[in-house]
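Asks: Provided herewith is a single structure, encoded as structure tokens, for subsequent inquiry.
The values are calculated or read from the model by the stated rules, or taken from the named source; none is laboratory data. The structure presented is a predicted model; accordingly, all values stated were derived computationally and were not measured. Cβ sites come from the backbone with ideal geometry, for glycine too, and all protein chains shown count toward neighbours. What goes into the accessible areas is simple: the full protein's heavy atoms, side chains included, and nothing from ligands, DNA or RNA. Shrake-Rupley method; radii C 1.70, N 1.55, O 1.52, S 1.80 Å.
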Amino acid sequence: MQKTYYDPADLKKFGDVAEFQPELAKKFFDYYGDVFKEGALTAREKSLIALAVSHAIQCPYCIDAYTSDSLEKGATEQQMMEAVHVTTAIRGGASLVHGVQMMNKVKKLSM
Amino acid sequence: MIKSLKAQHHNLSDTTTQLKILSNGIFGEGRLPTFRKKIEPLNEFPLKPAEIEIFQVNVGYMCNQVCKHCHVDAGPDRKEIMTRETMQLCLDIMKNSNILTLDLTGGAPEMNPDFRWFVEEANKIGVQEIIVRSNLTIILANPKYYDLPQFFRKNNVRVVSSLPFYQPDKTDRQRGEGVFAKSIEALNMLNKIGYGMPGTDLTLDLVYNPGGAFLPGNQAELERDFKKELKGHYGIEFNSLFTITNLPISRFLEFLIRTENYEEYMEKLVASFNPAAVKGVMCRNTISVDYDGYMYDCDFNQMLGLKVEKTAGQHIRDFDLKKLENRNIVISQHCYGCTAGAGSSCQGTVA
Ligand code: SF4
Ligand code: SF4
């Protein structure tokens, strides 16, 4: 067993998940490929969304992959950082908006 | 001013060192397949040329810029330069063959004192297409170059220019402080006299190459972005955008090694190997000539000192189209740069 949970080299082995379950892996990777094709959103917009989500789920593989991918798609560093701020705003906001619940409860309990 | 690797006496200015790096390490140990191994099962080894259509002449390694990724290791300190006699030999070849295109590159080809003479003579003998790979900033580098746009137009030159990004910082980091602003000014001058404008046949193409150790994105999508941004912000128009992959040679190789990106970059190139791109690699239809008149399969091989096979005749004095079209192309692991993804050549993607 390796000494760390994450190894950058594992990212390249992503496709190997097919070894234990080929049919589902194929479905997943075909779907994955289609999702990232240019559609109503451009490939670059999708890459930036993926970068933002990567930070939300704090997946080091995804951050690695979608940093390169965003650069390849021609995103600027500013756009990439703004995407991460979107993550941060939503994550922070998601906590903060629960403050309303806390306030509701406080108001209900208090005289 | 930054110096070329050559002027720094850097060990990577030695082509033997570069070739060793490309053959040893990950490839020597068998962790990654060599290019030969990869094309053998496709029945593409030895790699053979098709019809030669482009004569790409490198008229010298001198340049007013010292871009970080330059595979030529060009710069103001490079003195290698093509003489008029060698140019004449090139012209004789163009005159007596069916090669369609004369593609002039460098360095900054315009800095060769016989550059204009060469272009004018090529026109006189009726060369079908003359391409000049201009770095744009040269047009503003000195008053003697200010009229280059007019000169290009008068001689029906197709201009192909590097602009790695449509915003200043990425461009300047790769090509030097202030390069973006000057490039925009030069593009404006070219547009003003009709280059890249709808309704004219004055072609102005731009070249995009990634600003680091990553691959170029989709050519059509980047072209659309470039057109929108350059038009919107600077009122600039152009014809096509060519995406070119950075090959692990010279200054880009030095960057890859220094920043510990080399192995990962090579892995990426190998993983993105596209069999369909092998058919379109530019060495199949191009002959590259150096300032001394020696011939190579491409400009990259030229910078690695890999001349065309001996049996094909290595100097333009011995130019023999039949022999050249029968030669085996010299390959190494840098060739993976031409076959990654949609492929890469001096005309952009190939697959
Ligand atoms: S990339 Fe072109 S413009 Fe830049 S230093 Fe090399 S030859 Fe000159
Ligand atoms: S690097 Fe040169 S020889 Fe190798 S595939 Fe590309 S064009 Fe051909």
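Asks: Of A:Leu41, A:Leu11, which residue is more than 25 Å from B:Tyr208 (Cβ to Cβ) and within 14 Å of chain B (Cβ to nearest Cβ)?
Replies: So the residue among A:Leu41, A:Leu11 that is more than 25 Å from B:Tyr208 (Cβ to Cβ) and within 14 Å of chain B (Cβ to nearest Cβ) is A:Leu11.
Asks: Which is within 28 Å of A:Asp64 (Cβ to Cβ), open to solvent by 40 Å² or more (accessible area, probe 1.4 Å), within 14 Å of chain A (Cβ to nearest Cβ) and not aliphatic (A, V, I, L, M), of B:Glu221, B:Glu264?
Replies: The match here is B:Glu264.
Asks: Any idea which residue in the range B:144-171 is farthest from B:Gln65 (Cα to Cα), counting only those that are open to solvent by less than 30 Å² (accessible area, probe 1.4 Å) and within 13 Å of chain A (Cβ to nearest Cβ)?
Replies: Step by step, filter the range B:144-171, then rank; the result is B:Tyr166.
Asks: Please tell me if B:Lys231 is crowded, with 17+ Cβ neighbours inside 10 Å and free of Cβ contacts under 8 Å to residues at least 24 places away in the same chain.
Replies: no
A quick yes/no check of all residues on (1) open to solvent by 50 Å² or more (accessible area, probe 1.4 Å); (2) in a loop (DSSP other than H, G, I, E, B):
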position	(1), (2)
B:Leu32	no, yes
B:Arg36	yes, no
B:Glu51	yes, yes
B:Gln56	no, no
B:Asn64	no, yes
B:His69	no, yes
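Asks: Tell me, yes or no, whether the range B:98-111 has at least one residue that is crowded, with 20+ Cβ neighbours inside 10 Å, among the aliphatic types (A, V, I, L, M) and assigned to a loop (DSSP other than H, G, I, E, B).
Replies: yes
Asks: While we're on this one: Assuming B:Val157 fulfils every condition listed in (1) closer than 30 Å to B:Asn96 by Cα; (2) within 16 Å of ligand 2 (Cβ to nearest atom) apart from one, which condition is it?
Replies: (2)
Asks: A further question follows. What's the total number of residues in the range B:239-264 that are touching a Cys at 6+ places or on another chain (Cβ under 9 Å) and either hydroxyl-bearing (Ser, Thr, Tyr) or over 21 Å from B:Thr16 (Cα atoms) (or both)?
Replies: 4
Asks: Of the residues B:Lys310, B:Lys279, B:Lys323, which single one is within 16 Å of ligand 2 (Cβ to nearest atom) and either more than 14 Å from every other protein chain (Cβ to nearest Cβ) or closer than 25 Å to B:Asn112 by Cβ (or both)?
Replies: B:Lys279
Asks: Counting only residues that are part of a loop (DSSP other than H, G, I, E, B) and within 15 Å of ligand 1 (Cβ to nearest atom), which one in the range B:283-297 is least open to solvent (accessible area, probe 1.4 Å)?
Replies: B:Asp290
Asks: When you look at B:Asp290, is it of a type in the set (D, E, K, R) and away from ligand 2 (no atom under 13 Å from the Cβ), yes or no?
Replies: So B:Asp290 passes the test.
Asks: Taking the condition more than 14 Å from every other protein chain (Cβ to nearest Cβ), more than 11 Å from ligand 1 (Cβ to nearest atom) and surrounded by 15 or more Cβ atoms within 10 Å (Cβ to Cβ), does B:Leu136 pass?
Replies: No.
Asks: Just to verify a result, which residue in the range B:38-49, among those that are in a helix (DSSP H, G or I) and within 14 Å of ligand 2 (Cβ to nearest atom), is least open to solvent (accessible area, probe 1.4 Å)?
Replies: Across the range B:38-49, the extreme among qualifying residues is B:Ile39.
Asks: Mind checking which residues of the range A:1-27 are part of a helix (DSSP H, G or I), open to solvent by 80 Å² or more (accessible area, probe 1.4 Å) and either over 20 Å from A:Pro60 (Cα atoms) or in contact (Cβ under 8 Å) with a residue 24 or more places away in the chain (or both)?
Replies: Listed by number, the residues that qualify are A:Pro8, A:Phe14, A:Glu19, A:Glu23, A:Leu24, A:Lys26, A:Lys27.
Asks: If you check B:Ala276 against the conditions, is it touching a residue at least 12 places away in the same chain (Cβ under 8 Å) and either open to solvent by less than 20 Å² (accessible area, probe 1.4 Å) or within 16 Å of ligand 1 (Cβ to nearest atom) (or both)?
Replies: No: the conditions fail for B:Ala276.
Asks: Determine, yes or no, whether B:Ala213 is of a type in the set (A, V, I, L, M, F, W, C) and either away from ligand 2 (no atom under 14 Å from the Cβ) or within 13 Å of another protein chain (Cβ to nearest Cβ) (or both).
Replies: yes
Asks: Is it fair to say B:Met94 is more than 13 Å from ligand 1 (Cβ to nearest atom), under 18 Å from B:Glu120 (Cα atoms) and surrounded by 23 or more Cβ atoms within 10 Å (Cβ to Cβ)?
Replies: no
Asks: Further question on the same structure: A:Gln78 - would you say it is among the polar types (S, T, N, Q), closer than 30 Å to B:Phe226 by Cβ and either open to solvent by 80 Å² or more (accessible area, probe 1.4 Å) or within 16 Å of the chain's Cα centre (by Cα) (or both)?
Replies: When the stated conditions are applied, A:Gln78 passes them.
Asks: Something else now. Provide a single number: the residues in the range A:81-105 that are open to solvent by 70 Å² or more (accessible area, probe 1.4 Å) and either within 14 Å of another protein chain (Cβ to nearest Cβ) or more than 26 Å from A:Arg44 (Cβ to Cβ) (or both).
Replies: 11
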